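Note sheet for the following structure.
The values are calculated or read from the model by the stated rules, or taken from the named source; none is laboratory data. Just so you know, these numbers come straight off a predicted model, no measurement behind them. When we count neighbours, we look across all protein chains shown, and the Cβ atoms used for this are built from the backbone with ideal geometry, even at glycine. Only protein heavy atoms, including side chains, enter the accessible area calculation; ligands, DNA and RNA are left aside. Shrake-Rupley method; radii C 1.70, N 1.55, O 1.52, S 1.80 Å.
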Amino acid sequence: MSRDTTASLSTGFGRRDFLAAASVALSGGLAGCTGVFAAEGNQVNIAGSSTVFPVTEAIASSFSEENPTVNLSMSKTGTGGGFGNFFCAGRTDINNASRAIADAETEQCGSNDVTPLEFTVATDALTVVVNPDADWIDCLTVEQLQEIWQADGAQRWSDINEDWPDEEVELYGAATTSGTFDYFKEAVLGEELNHRSDYYATERDRTIVQGVQGSEAAMGYFGFSYYSENPNSIKAVSIDDGNGCVEPSIETAKSGEYTPLSRPLYIYVAKESLAEPAVRDFVRFYMEQAATDLVSEVGYVPITDQQRDDNLEKLESHIEEVTE
């Protein structure tokens with residue numbers, strides 16, 4: 001695991017401190033050990049999306065209060081990095097994911113006898129942010145987002161609108177291993193356009209926050225949770241998908257008004273890991289908590305009671321299969 005990934009785990013605050021500290025201590029083990037986790041039996045190992053991380057972290061913190069003997073190890077590796085390097089390699093039990101698993105990843109899992117089980121756990125309003133002093137911008141059309149983020153796209157704010165400052169746009173966004181990158185590219189740029197590469201790409205969402213805070217000419221994007229932590233020091237940009245400007249929020253994501261950047265969030269569970277009591281207990285707890293205000297508190301839309309019940313029914317059927 002890279003030094004940057006390990007460092008990112010120590011940036012939690014408040015109720016997140018315990019798990020962030022634990023993740024730093026255990027992240028080296030994720031990078032170097034294979035087969036150790038299942039043998040330990042009382043450990044749950046999670047990697048993947050930095051967007052889903054706050055949901056999993058909050059639920060894991062509540063679970064740890066009730067189950068102090070279960071060891072939870074969590075890392076931010078990006079959705080793709082989590083699938084490719086850990087989950088589908090048989091090295092973690094759960095992968096946080098801000099997009100659905102890709103066919104190639106499913107094939108990789110299969111070649112390593114890992115059966116990925118998908119569970120929707122929240123809805124996100126992927127958020128474009130700028131510096132609060134950027135008083136010329138409050139709303140962007142999808143076409144303007146394309147102008148900014150496509151390969152060989154706009155270099156200066158005035159390239160997008162001649163009334164805007166003749167200053168170079170400083171861009172911060174998700175790394176290519178991130179599900180947020182994949183979703184943003186698909187939702188905004190589509191199949192015809194490539195995402196530009198001349199921007200600061202990172203899995204460390206708080207680095208994006210700091211970059212946007214530090215420059216009037218900056219723009220970034222990430223999950224709504226990271227905006228909701230910093231509403232006074234960065235500004236969310238409303239998006240016009242053809243029906244007027246809509247501000248990103250839990251309410252507009254839930255109603256479906258915030259398009260095209262509302263998206264489902266997932267966890268993927270290795271079916272084989274459900275043979276371990278600690279894993280199945282944690283996943284049961286996760287499914288129940290994903291329908292509560294705990295998810296809202298970290299800036300996402302909880303799943304519905306029906307989704308919760310469907311998740312639990314699906315989970316129990318697979319638990320029965322691996323424990324017969």
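Largest mean-square fluctuation among Val70, Val295, Val279, in a Gaussian network model of the chain whose springs join Cα atoms under 10 Å apart, belongs to Val70. Surface composition of the chain: carbon plus sulfur atoms hold 44% of the accessible area, using a 1.4 angstrom probe and ignoring ligands, DNA and RNA.
The count of lysine pairs in the chain with alpha-carbon distances below 26 Å, taking only pairs 8 or more places apart or on different chains, stands at 9. Using the 1.4 Å probe convention, the accessible area of the chain works out to 41 Å² per residue with neighbouring protein chains retained. Once Rh for region 67-171 is found with the Kirkwood sum over Cα pairs, what is the Stokes-Einstein diffusion coefficient at 37 °C and 0.692 mPa s, in µm²/s? Diffusion coefficient, whole number: 188 µm²/s. Mean silhouette area of region 159-260, derived from the convex hull of its C-alpha atoms and averaged over all directions, reads 7.4 nm². Rounded to the nearest 20, the Cβ-based charge dipole of the chain about its Cα centre (Lys and Arg +1, Asp and Glu -1) stands at 1100 debye. Considering all C-alpha pairs of region 208-273, those separated by over 17 Å amount to 52%. Springs between Cα atoms under 10 Å define the GNM used for the chain, and in it the highest mean-square fluctuation of Phe181, Phe282, Phe224 occurs at Phe282. Taking label points 7 Å from Cα along the Cα-to-Cβ direction, Glu313 and Asp198 give a separation of 5.3 nm. With a Förster radius of 45 Å applied to the beta-carbon distance between Ala89 and Asp135, the computed FRET efficiency rounds to 0.40. Result for the chain in a Gaussian network model with C-alpha springs under 10 Å: among Glu118, Glu168, Glu247, the largest mean-square fluctuation is at Glu168. A Stokes-Einstein calculation at 25 °C with viscosity 0.890 mPa s, built on the Kirkwood radius of the chain over Cα pairs, returns a diffusion coefficient of 122 µm²/s.
At an R0 of 45 angstrom, the distance between the Cβ atoms of Glu288 and Glu168 translates into a FRET efficiency of 0.40. When only Cα pairs below 8 angstrom with a gap of at least 6 residues are kept, the chain shows a relative contact order of 23 percent. For region 141-219, the fraction of alpha-carbon pairs lying more than 21 Å apart is 26 percent, rounded to a whole number. For region 162-169, putting each phi into the Karplus relation 6.51 cos²θ - 1.76 cosθ + 1.60 with θ = phi - 60° gives couplings of 4, 7, 8, x, 7, 10, 5, 6 Hz, in residue order, rounded to whole numbers and with x for Gly and Pro.
Over region 226-324, all Cα pairs binned in 5 Å intervals from 0 give whole-percent P(r) values of 2, 11, 17, 18, 14, 12, 10, 8, 5, 2, 0, listed from short to long.
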